[in-house]
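What follows is a set of notes on a single structure, which appears directly below.
Please treat every number below as a calculation from the coordinates, not as lab data. Everything numeric in this text was worked out from a predicted model, so none of it was measured. Quick reminder, even Gly has a Cβ in these numbers, built from the backbone with ideal geometry, and neighbours come from all protein chains shown.
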Amino acid sequence: MNIHLDIFAFLALTIFALLILTYVLVIQVVVLRLVHGYQQKKEREFFAVWEENIFLFLEGEEDPRTLIKKIRKSKYLFLLHYLREFFLMLKGDDFLKLSALVNQTKIQPFLISQLKSGSPRKINEAAYFLGLAKSIAARDVLRKKLKSQNASVFLSSALALARLNDVDAVFDIFRNARRFKFVSKDSLLAILSEYTDEICKPLLVNLKREKNILIQSISITLFRHFKFYDAGESVLKIMVYSQNKEVIVESIKFFSSIEFIDAATALRSLINHPKAEVRAEVLKALAVLGNESFEQRIWDCMYDPEYEVQYNAVITLMKLIPDSEEKISQFAYGNLKDRGAAIARMVLSERNIRN
Amino acid sequence: MNVIKYIVFGFNSLLLFYFLLVCSIYIILNVIAFFKMIKYNSTIKYLDLKRVFKLTNYKPISVIVPAYNEENGIVESIKSLLQLEYPDFQLIVVNDGSKDSTLQKLFENFSIRQVSFTPFYKLKSQPIRSVFMSSEYPNLIVIDKVNGGKADAINAGVNLAKSPLITVIDADSVLERDCLLKIVRPFMEDENVIAVGGTIRIANGCNILHGNILEVGLAKSWLARFQVVEYLRAFLFGRNGFDVLNGILIISGAFSCFSRDALIKIDGYREGCIGEDMEIIVRMHRKLRRENPKLRITFIPDPVCWTEAPETFAVLRSQRMRWQKGTVDSILLHKKLFMNPAYGWIGMLVFPYFALFEMIGPIIEIFGYFFFIVSFSLGFVTVSFAVAFLTTAILYGVVLSVLSVILEELSFQRYPKLSHLLTLMAAAFLENFGYRQITTWWRFRGMVEYFTGKRHWGQMEKKGFAKK
């Protein structure tokens with residue numbers, strides 16, 4: 001019995017220890033909250049004092065170094081937090097003036113030294129502001145940070161390089177992204193769309209030999225985003241041979257966005273693609289790229305087993321064929337038991353209500 | 001006498017082991033959830049979702065809102081839902097044969113007119129009387145149908161849904177504006193995802209205007225505060241933890257998103273089911289994942305939906321008894337999954353966990369407390385054992401509740417004031433002394449009622465947010 005007593009006492013003590021440990025964590029969390037609250041208060045006080053000076057600087061001719069000299073190093077991040085929205089909003093000369101506050105003053109070396117530190121939090125914050133201010137001086141350090149084992153450091157550095165429009169870093173970003181399982185297509189697109197359309201040319205050169213489906217798909221999405229017409233031929237070749245639904249759908253959307261008429265014939269063969277998503281997307285594109293010769297094929301799609309395809313067939317007919325509404329109306333109300341006609345009635349009904 | 005003493009001691013030791021096991025499983029889930037949240041937050045932090053959705057091949061969504069006698073809040077609720085941020089969604093409000101003026105309110109406020117609409121699918125539901133569209137809001141559709149209950153109303157909505165993704169929400173839920181952008185991401189990242197749930201939070205005490213949360217706050221009543229901690233524990237590390245094993249067995253009916261094809265394939269929601277939100281997920285595992293084990297039912301930890309918690313004992317009791325009946329119903333309907341290796345982790349770990357701890361748990365706990373008190377009073381257990389038992393049954397629970405508040409603070413930090421944090425810490429401590437035992441008792445009663453044939457839903461009164 002004594003042995004049991006010891007076991008139970010040990011169990012109770014272990015849980016007590018766990019409880020104490022938990023409350024140590026509670027204290028830590030509360031202290032963190034207090035520190036955070038104190039910093040926010042200090043930040044608000046800083047804004048109240050410096051807001052006018054910053055506006056005067058943006059309106060006047062003051063040397064940025066003169067302004068920054070008046071601010072203590074420990075307050076640099078307060079200033080940057082204040083300027084964050086301005087960085088995102090301002091363009092042209094106003095932006096250049098604002099970025100001079102970082103790029104021509106001691107703030108830049110301060111941020112670069114933060115970037116070289118070992119703390120992911122400091123690195124991420126520094127990368128964010130260096131990217132916003134387009135600090136070219138930070139480029140090399142940022143490129144090295146792409147190799148970091150920490151996913152957030154990789155993402156923040158990649159974002160900063162994209163904002164710097166460092167086109168040469170694109171393939172380093174792709175290469176290093178593969179190391180992290182949860183860096184998705186979304187994350188990469190969010191980053192790469194920060195580049196200007198200069199990114200398209202190297203992506204096009206790469207696309208011609210690229211086998212990776214994710215990179216193919218991202219490249220085509222970016223071509224659509226920047227309406228990069230020159231990629232039309234290459235994307236058409238990829239689409240014709242691709243087995244991947246996402247690549248095919250992205251390609252169709254791209255052709256539609258740049259009105260690439262040469263793709264119309266290839267789209268005709270995709271009308272019978274096994275995936276309904278592809279068939280529906282083809283119909284949407286044909287509303288832009290097709291002509292009257294497609295009419296019968298589109299009518300046939302009204303009997304597709306998938307609703308999306310039927311629906312888009314009606315919409316495309318209406319957009320593509322002049323005076324088709326009357327014909328569709330006759331079909332819709334003349335075949336009350338027909339499923340295709342039911343969809344047509346629904347589309348007509350929707351249109352009437354909207355008009 | 002000695003033999004009896006040993007038997008009683010052995011039985012008490014088993015009960016102690018039960019409490020130890022259940023809390024230890026939660027501790028493990030907590031650790032798993034912590035690392036998952038760190039990963040999730042570091043990814044989402046750099047995503048400007050609105051920007052991404054302009055670029056990507058997003059999927060349209062049909063949002064289905066079943067409404068029964070919702071005249072007080074329906075207008076506010078729909079106005080708020082129409083403001084959701086998403087590039088392409090339709091809102092389908094299903095008036096499930098309301099006896100009040102719900103439909104009339106929709107006529108008066110949204111310029112709806114009858115249209116010709118053909119159901120695309122044939123899920124079982126009560127007859128649809130008419131379908132309406134709004135000339136003011138092109139993405140708003142109203143279905144008026146014969147009353148058939150929530151599951152039936154959702155099925156009717158699915159039959160008319162145009163989009164490949166279906167989101168089901170409660171008419172009285174308050175959604176975050178970007179909730180659709182967040183809930184859709186798992187579907188876009190992985191074609192195998194068939195259902196996604198999000199974190200539900202308690203809205204009592206929050207400042208809500210026109211269906212939008214203006215300021216997050218805490219309720220004045222301790223009953224609601226205890227529920228805040230309970231929800232944090234259930235969502236932040238319960239579901240997050242199970243998600244790592246692809247072991248989500250329940251997605252809250254207040255906010256869930258499904259692939260339409262998956263819903264059609266399993267014939268939609270089961271009519272007349274008490275806990276339809278759990279039942280449908282278990283059925284998805286049973287029918288769809290058996291065919292294709294790669295399919296995923298997943299969970300995003302973002303707080304996306306806020307709901308009103310009961311603030312009186314009577315309403316809370318009714319809710320908890322109903323939940324327990326739902327759990328029992330779903331588990332018994334799909335008992336084939338129990339310890340069935342064909343279903344992988346679900347069959348061998350998650351389903352048995354739910355059966356043992358969520359279904360039978362209240363019986364063991366209530367019986368355990370009773371047996372312990374009796375045997376301690378009769379001197380059958382030692383003081384050392386008594387301390388160990390109470391420490392495990394109560395203090396281990398305190399550890400878990402406090403850890404859930406810490407996890408919230410380290411991840412989303414949605415409660416802005418220090419006083420909120422301290423109040424939650426206090427609630428996390430106090431809820432283990434009385435509240436938890438009372439809810440266990442209600443769950444126990446729910447089970448008894450289920451097995452004695454009282455399987456009706458019961459009433460759930462809500463104050464509503466409309467006037468706040």
Within the range B:233-334, helices (runs of 4 or more DSSP H) holding 1 or more residues that are more than 18 Å from B:Trp345 (Cα to Cα): B:260-265, B:276-283, B:313-333
Residues located in the range A:336-347, provided they are more than 8 Å from every other protein chain (Cβ to nearest Cβ) and under 37 Å from the mean Cα position of the chain (by Cα): A:Ala344, A:Val347
One residue from A:Glu45, A:Glu62 being away from every other protein chain (no Cβ under 14 Å) and not in a loop (DSSP other than H, G, I, E, B): A:Glu45
Residue count for the range A:262-283, restricted to those that are surrounded by fewer than 17 Cβ atoms within 10 Å (Cβ to Cβ) and among the basic types (Lys, Arg): 2
Hits in the range A:13-27 - residues which are of a type in the set (A, V, I, L, M, F, W, C) and either within 43 Å of the chain's Cα centre (by Cα) or facing chain B (nearest Cβ under 8 Å) (or both): A:Ile15, A:Phe16, A:Leu18, A:Leu19, A:Leu21, A:Val24, A:Leu25, A:Val26, A:Ile27
Number of positions in the range A:308-330 that are surrounded by fewer than 20 Cβ atoms within 10 Å (Cβ to Cβ) and part of a helix (DSSP H, G or I): 10
Complete set of residues in the range B:335-363 that are outside any helix (DSSP H, G or I), over 18 Å from B:Gly275 (Cβ atoms) and touching a Pro at 6+ places or on another chain (Cβ under 9 Å): B:Met339
Checking A:Ala9 against (1) hydrophobic (A, V, I, L, M, F, W, C); (2) touching a residue at least 24 places away in the same chain (Cβ under 8 Å); (3) at the interface with another protein chain (Cβ under 9 Å from one of its Cβ atoms), the condition it does not meet: (2)
Positions within the range B:198-225 being more than 18 Å from B:Ala309 (Cβ to Cβ) and in contact with a helix residue (DSSP H, G or I) (Cβ under 8 Å, 6 or more places away or on another chain), in sequence order: B:His210, B:Asn212
Helices (runs of 4 or more DSSP H) contained entirely in the range B:364-434, each with at least 2 residues that are among the β-branched types (Val, Ile, Thr) and either over 29 Å from A:Val26 (Cα atoms) or facing chain A (nearest Cβ under 10 Å) (or both): B:383-390, B:396-411
Failed condition for A:Leu286, given (1) within 13 Å of chain B (Cβ to nearest Cβ); (2) buried (at least 17 other Cβ atoms within 10 Å of the Cβ): (1)
Exclusive hit being over 29 Å from B:Arg201 (Cβ atoms), of a type in the set (A, V, I, L, M, F, W, C) and out of contact with any strand residue (DSSP E or B) (no Cβ under 9 Å at 6 or more places or on another chain), set B:Leu349, B:Leu316, B:Leu333, B:Leu356: B:Leu333
When residues of the range A:331-340 are limited to those that are surrounded by 14 or more Cβ atoms within 10 Å (Cβ to Cβ) and among the hydrophobic types (A, V, I, L, M, F, W, C), the one nearest to A:Glu295 (Cα to Cα): A:Phe331
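So that you can scan it fast, the table gives a plain yes or no per residue for (1) in contact with a Cys (Cβ under 9 Å, 6 or more places away or on another chain); (2) among the hydroxyl-bearing types (Ser, Thr, Tyr); (3) over 20 Å from B:Tyr26 (Cα atoms):
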{"position": "B:Leu223", "(1), (2), (3)": "no, no, yes"}
{"position": "B:Leu236", "(1), (2), (3)": "no, no, no"}
{"position": "B:Arg239", "(1), (2), (3)": "no, no, no"}
{"position": "B:Gly247", "(1), (2), (3)": "no, no, no"}
{"position": "B:Ile251", "(1), (2), (3)": "yes, no, no"}
{"position": "B:Leu263", "(1), (2), (3)": "no, no, yes"}
{"position": "B:Ile266", "(1), (2), (3)": "no, no, yes"}
{"position": "B:Arg270", "(1), (2), (3)": "no, no, yes"}
{"position": "B:Ile274", "(1), (2), (3)": "no, no, yes"}
Helices (runs of 4 or more DSSP H) (entirely within the range B:41-121) containing at least 1 residues that are at the interface with chain A (Cβ under 10 Å from one of its Cβ atoms) and either on the phi > 0 side of the Ramachandran plot or within 28 Å of the chain's Cα centre (by Cα) (or both): B:49-55
Counted residues, the range A:143-175 - those being within 14 Å of chain B (Cβ to nearest Cβ) and part of a helix (DSSP H, G or I): 15
